[in-house]
1. Enumerate the amide H contacts of Phe125 below 5 Å, restricted to partners 5 or more residues apart or on another chain; note that Pro and chain-start residues carry no placed amide H.
2. Pull up all non-local amide H partners of Val188: gap of 5 or more, or a different chain, and H-to-H distance under 5 Å with H placed in the peptide plane.
3. Based on DSSP H runs of at least 4 residues, each adding -39500 (n - 2.57), what is the mean residue ellipticity at 222 nm of the chain after dividing by all its residues, to the nearest 500 deg cm²/dmol?
4. How big is the charge dipole of the chain about its Cα centre, in debye rounded to the nearest 20, if each Lys and Arg gets +1 on its Cβ and each Asp and Glu gets -1 on its Cβ?
5. So which of Lys209/Lys315; Lys35/Lys469; Lys47/Lys315 end up more than 25 Å apart by C-alpha?
6. Under the definition of Cα pairs under 8 Å and six or more residues apart, what whole-number percent is the relative contact order of the chain?
7. Can you list residues whose amide H is under 5 Å from Ile359's amide H, if they're 5+ apart or on another chain and H is modeled 1.01 Å from N?
8. Just tell me, in residue order, which DSSP H segments of the chain are both 15 angstrom or longer along the helix axis (alpha-carbon based) and at least 1.0 in mean Kyte-Doolittle hydropathy.
Amino acid sequence: MDVLVTILNFISQQILNVPAYLIGIIAAIGLIALKRSAGQVISGALKAAMGYLILGAGASVVTAALDPFGTLVFKATGAQGVVPTNEVITAQAAQQFGASSAYIIVLSFIFMLLIARFTPLKYIFLTGHHMVFMSMMLALVLSVGFGSGHDVLVVIIGALLMAVAMVAMPAFTQPFTNRVTGSDQISVGHFNSLGYMASGALGCLVGKKSRSTEDINFPKGLSFLRDSMVSTTLLMVVLYLIFAIWAIFVVPAQELFKVFASAPTDYGAYIMAAFAQALQFGIGVSIILYGVRIILGELVPAFQGIANKVVPGAKPALDIPIVFPYGANASLIGFLSSFVGGLVALGIIAVWMGPLWGIALILPGMVPHFFDGGGAGVFGNATGGRVGAVVGGFVNGLLITFLPASLMGVMGSYGVSNSTFGDADFCWYGTIVGRVVNLGFAPGAVGLIVLAVVLFVAAWIWQVKVVDKGWQPAKDHFAFIDQVKAEEKAAAEQARAERKAARKAAK
């Protein structure tokens with residue numbers, strides 16, 4: 001038994017927990033199915049894996065740059081509470097529930113492949129770290145809820161719940177993803193799907209006559225802001241310096257200087273450390289976008305082989321930065337709007353919900369707001385332009401504050417009350433699973449199976465009746481955009497004709 005646990009732990013932690021390896025394996029399988037040569041298979045697999053490693057490197061740079069910024073914000077404002085962090089709560093639970101998590105992640109991956117092969121839900125979830133987070137959350141909730149002696153049931157039900165989530169959530173977001181990318185070649189495999197769906201749906205409602213964030217006409221002197229790397233970095237420089245200067249007036253110097261790893265010893269070096277971190281943020285975003293381009297260039301063609309041979313019609317469900325190149329301005333706007341939404345939700349909890357119902361104070365985490373909020377901004381912009389990006393990002397910020405607070409009510413009883421998950425799907429799914437488990441062993445087991453079946457059937461119906469029928473959200477919005485572009489084209493042609501006539505008259 002120990003040997004099997006060790007093997008499963010190795011597979012889940014050393015292979016399935018490394019998205020790059022998973023991406024490379026999938027690319028190799030697709031290229032083999034396409035009967036490519038050994039050299040092409042090796043090259044394609046390595047490039048796909050390296051693209052994901054580049055993406056991960058960019059994400060690490062962004063995370064490292066955001067961490068001091070979040071500390072500055074909290075020190076400047078004096079806010080206290082819990083910052084939702086998937087990695088922290090997973091690490092807390094790993095020692096006690098790691099074995100069950102290993103079984104769940106491997107078995108759920110097998111279930112997912114079977115579902116993709118034999119049902120209309122042709123999604124292959126490839127975001128390895130989110131698979132680990134979800135498996136640990138389910139292992140924790142189910143193990144404690146069912147008690148000792150039910151390890152097999154925990155693994156089977158946990159794997160079933162996770163496999164269904166991995167194919168259902170990409171299906172629900174697919175129409176909006178198609179609108180973002182302009183095709184149906186990829187899907188989003190990231191457990192903040194509720195935020196992306198809400199943003200896309202709200203964009204349809206509020207942004208019918210709003211231009212795209214990518215069409216922002218900067219004044220001639222500000223034309224350099226069209227470069228997304230420059231505009232992203234410049235904005236972060238401004239934000240960093242604002243909070244860095246604010247903190248100087250409210251935080252003792254020795255405590256303030258410890259915010260940065262370089263440990264500056266005077267205010268001049270402290271300000272320059274903040275400036276350097278802002279530049280690092282811009283570099284990280286640029287690395288992410290480069291990695292995304294490599295992944296798309298290698299993985300999508302390889303998936304043709306999987307679609308044709310292994311899982312007909314399969315779509316790769318990839319991490320959320322995959323959509324950032326489709327709306328560089330929108331991702332930045334979504335991040336800022338999500339952060340504002342988190343602050344508003346924090347205020348509501350602090351003033352009303354906390355004192356009244358004892359709900360935990362959830363502080364805005366820079367990392368989830370950047371990735372989740374950025375994705376929400378891209379989805380909102382795709383269906384509702386600039387207004388959609390702002391509203392969608394803001395609502396996402398509310399969701400990833402209120403929902404983690406709800407999950408705290410479940411996680412607190414399991415001895416991990418100082419942490420919680422940060423993405424919407426972990427929170428609403430975990431809260432429901434936790435409440436059902438609390439019904440008791442037999443009712444809880446039956447209830448969870450019913451939950452999995454209901455989610456699976458809902459996704460199946462959505463896929464067949466909505467996605468496969470080619471439904472496109474925000475038709476009114478895009479009709480407006482087409483009309484505006486046609487009017488601009490006609491005006492430009494008229495202006496050219498008038499200039500031509502004026503030159504002719506001058507002669």
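1. Ala317
2. Under 5 Å from the amide H of Val188 lie the amide H atoms of Leu318, each far enough along the sequence or on another chain.
3. Helices in the chain give a 222 nm mean residue ellipticity of -25500 deg cm²/dmol.
4. Approximately 1880 debye in magnitude.
5. Lys209/Lys315; Lys35/Lys469
6. Taking the mean separation of contacting Cα pairs over the length of the chain, I get 25 percent.
7. Amide H neighbours of Ile359, under 5 Å, 5+ apart: Gly354.
8. Helices meeting the span and hydropathy rule in the chain are 19-33, 38-77, 86-118, 128-146, 151-181, 193-206, 228-250, 267-305, 328-348, 366-411, 441-462.
The values are calculated or read from the model by the stated rules, or taken from the named source; none is laboratory data. What you are looking at is a predicted structure, and each value in this text was computed from that prediction instead of being measured. Because the Cβ atoms are built from the backbone with ideal geometry, glycine has one as well, and the counts that use them run over all protein chains shown. For accessibility, only protein heavy atoms count, side chains too; no ligands or nucleic acids. Shrake-Rupley method; radii C 1.70, N 1.55, O 1.52, S 1.80 Å.
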